[in-house]
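The values are calculated or read from the model by the stated rules, or taken from the named source; none is laboratory data. Note that the structure is a prediction, hence the values are computed from the model and not measured. Please note: Cβ atoms are built from the backbone with ideal geometry, for glycine as well, and neighbour counts cover all protein chains shown.
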Amino acid sequence: MFKNVIITIFVSFLLILPKINADVGIGITYFQESLTLKEFEENCVNYKIYNPFNSNVTAKISVAGDIEPLMTTIEPNNFFLKAYDGPLDDNNAKLSNNKQIQICFRSKLFRWPPFYPQNLDGVILAGAMPGKISGSGSSTVSSVQAPLILHVGSMKTFKIFVFTTAILLLTIIFLLLKFLKKLPKIKKMYCKKCNKYFTKRSKFCPKCGEELKKD
C-alpha cells in the first residue's frame with residue numbers, strides 16, 4: 001500500500017514537471033535587424049524583453065557572433081521580470097510586461113584593409129532563469145534570440161583614406177628625392193696607369209703615386 005502511494009506521487013510529479021518548465025521563459029521584441037556603425041562613433045539598438053508566463057524570472061542578456069567584439073555596453077544586462085498575472089488571451093498585456101534594454105556598439109579601426117567596410121553577423125541572446133537571482137550561478141531554463149547585422153564603415157570613408165594615404169606617400173617620396181639631390185656627390189678621380197677610379201681623398205694614386213685626374 002505504502003509502495004503504491006510513493007509510485008503515485010512520483011508519477012504525478014513527472015506529469016507536473018513539464019508544465020512547470022513550460023511556464024518559465026521570456027520573449028524578445030525588436031524593430032530592426034541591422035545597425036550602421038560610422039568610424040569613431042558609437043551606435044545603439046533597443047530591445048524589449050517581456051515575460052508572458054506566470055513565473056518570476058531573471059533575464060540575462062548577451063551578444064554572440066562576429067558582432068561580439070564590437071559590443072561596448074548592455075544596459076541592463078541582468079534584471080528581474082515579474083510573472084504575468086493578466087488574462088491568458090490578452091497578448092498586448094503580455095507584451096507590456098517588459099523591460100527595455102539598450103545595446104551599444106563601436107567600430108574598431110584595427111581591421112584589414114583599414115577603414116574597409118564590413119558586414120558582421122550576430123545575435124542578441126536573452127536567457128531566462130527562474131526566480132529572482134542576484135548572481136550568475138543559476139542555469140538558464142530557456143532563451144530567445146534576435147538577429148543583428150552590423151554594417152561597419154563605408155566605402156566613401158575607405159576611398160578618402162586611400163586618397164589621403166596616397167597623397168602622403170607621394171609627398172614623402174618627393175621630399176626624400178629632393179633631400180637626396182641636395183646631398184654632396186662623392187667625386188671620383190681616375191688613375192691612367194692603374195686604370196682605376198678612386199674617391200677624391202688625395203691628388204695622387206694610393207697605389208702607384210701618379211697624379212689623379214678628374215673623372
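Descriptive notes on the structure:
- Matching residues in segment 73-94 - criterion: being assigned to a strand (DSSP E or B) and within 28 Å of PHE110 (Cα to Cα): THR73, ILE74, GLU75
- With respect to the stated conditions, MET71 is surrounded by 14 or more Cβ atoms within 10 Å (Cβ to Cβ), in contact (Cβ under 8 Å) with a residue 24 or more places away in the chain, closer than 30 Å to THR157 by Cβ and of a type outside the set (Lys, Arg).
- In this structure, LEU81 does not qualify as within 29 Å of ASN119 (Cβ to Cβ), of a type outside the set (Lys, Arg) and modelled with pLDDT of 90 or more.
- Residue in segment 129-143 that is under 26 Å from MET71 (Cα atoms) and modelled with pLDDT of 90 or more present: no
- Some residue of segment 113-120 being in a loop (DSSP other than H, G, I, E, B), modelled with pLDDT of 85 or more and touching a His at 6+ places or on another chain (Cβ under 9 Å): yes
- For segment 176-202, the tally of residues that are at pLDDT below 70 and in contact with a strand residue (DSSP E or B) (Cβ under 8 Å, 6 or more places away or on another chain) stands at 7.
- Condition check for GLY25: among the small types (Gly, Ala, Ser) and farther than 15 Å from LEU148 by Cβ: yes
- Against the conditions (1) buried (at least 16 other Cβ atoms within 10 Å of the Cβ); (2) assigned to a loop (DSSP other than H, G, I, E, B), MET129 satisfies every one except (2).
- Residues of segment 50-68 classified as more than 24 Å from the chain's Cα centre (by Cα) and surrounded by 14 or more Cβ atoms within 10 Å (Cβ to Cβ), total: 8
- Test: residue in segment 163-175 that is exposed (fewer than 14 other Cβ atoms within 10 Å of the Cβ) and modelled with pLDDT under 85: yes
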